[in-house]
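Undergrad: Take this structure, written in structure tokens, and hold onto it; I'll ask about it next.
Rule-based calculations on the coordinates, nothing more; no lab input. None of these values were measured; they are calculated from a predicted model. So basically every Cβ, Gly included, is an ideal-geometry build from the backbone, and we count neighbours across all protein chains shown.
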């Protein structure tokens, strides 16, 4: 075996010359993914260009990259004006499309802006809070009353403290405050 045979064997095993057509196809079919920024798209187009057209001169690669980038832009409202500007390289196409999207976003938000009147709602909030507090207090009082009635309703229970019927040990009047556990 000579050196060129070994070189060819290594190139066919580890080289990516056979992948050139794959990269070119991927570049032609590349579209901007939903939620993907223009910067990420441009970086991926540049990566694929370097893999697919490594043997081409730089100026041709830049021109092709700009065209592939414009074709890959998903939003037609951004794609058409960028195509009309006749970008000579990827960087200028990216810069123009980003400016266009920013301007369009600003003009969309300014359409929906309307004046608002500021109203002092602290008094209303305070009244609502007061009302809720009163309702909560009434609810808790009702719960306590119902609980007391529920313990009185069962005359068959026997207190373990005084052995009398009609109440439980926790409700026993015979327990002194310092004896409670």
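Undergrad: Please compute, for the alpha-carbon atoms of the range 40-113, the extent along each of the three principal axes and give them in descending order in Å.
TA: 52, 21, 16
Undergrad: Moving on to the next point. I want to verify a result. In a Gaussian network model of the chain, Cα cutoff 10 Å, which of these has the top mean-square fluctuation: 59, 75, 127?
TA: In this elastic network of the chain, the residue with the biggest mean-square fluctuation among 59, 75, 127 is 127.
Undergrad: Can I ask one more? Just to be sure I understand: with springs between alpha-carbon atoms less than 10 Å apart, which residue in 57, 155, 34 has the highest mean-square fluctuation in the Gaussian network model of the chain?
TA: 155
Undergrad: I'd like the per residue volume of the convex hull spanned by the Cα atoms of the range 1-96, given in cubic angstrom.
TA: So the per-residue Cα hull volume is 96 Å³.
Undergrad: Could I ask something else about it? Report, in deg cm²/dmol and to the nearest 500, the calculated mean residue ellipticity at 222 nm for the chain, where each DSSP H run with n ≥ 4 adds -39500 (n - 2.57) and the sum is divided by the residue count.
TA: Computed ellipticity for the chain at 222 nm equals -21000 deg cm²/dmol.
Undergrad: Give me 167, 80, 18 sorted ascending by neighbouring Cβ count inside 10 Å, so fewest comes first.
TA: The order, fewest Cβ neighbours first, is 18, 80, 167.
Undergrad: Further, regarding this structure: Given an 8 Å cut-off on Cα distances and at least 6 residues of separation, report the relative contact order of the chain as a percent.
TA: 12 percent
Undergrad: I've got another one for you. Given the convex hull of the Cα atoms of the chain, what is a quarter of its surface area in nm²?
TA: 30.4 nm²
Undergrad: Let me ask something else about it. For the Cα atoms of the chain, what angle does the longest principal axis make with the long axis of helix 38-52, in degrees from 0 to 90, nearest 10?
TA: The angle comes out near 40 degrees.
Undergrad: Quick check: the angle from helix 3-14's long axis to the longest principal axis of the chain, C-alpha only, nearest 10 degrees?
TA: The angle comes out near 30 degrees.
Undergrad: Can you tell me the orientation of helix 90-111 relative to the chain, as the angle in degrees between its alpha-carbon axis and the longest Cα principal axis, to the nearest 10?
TA: 40 degrees
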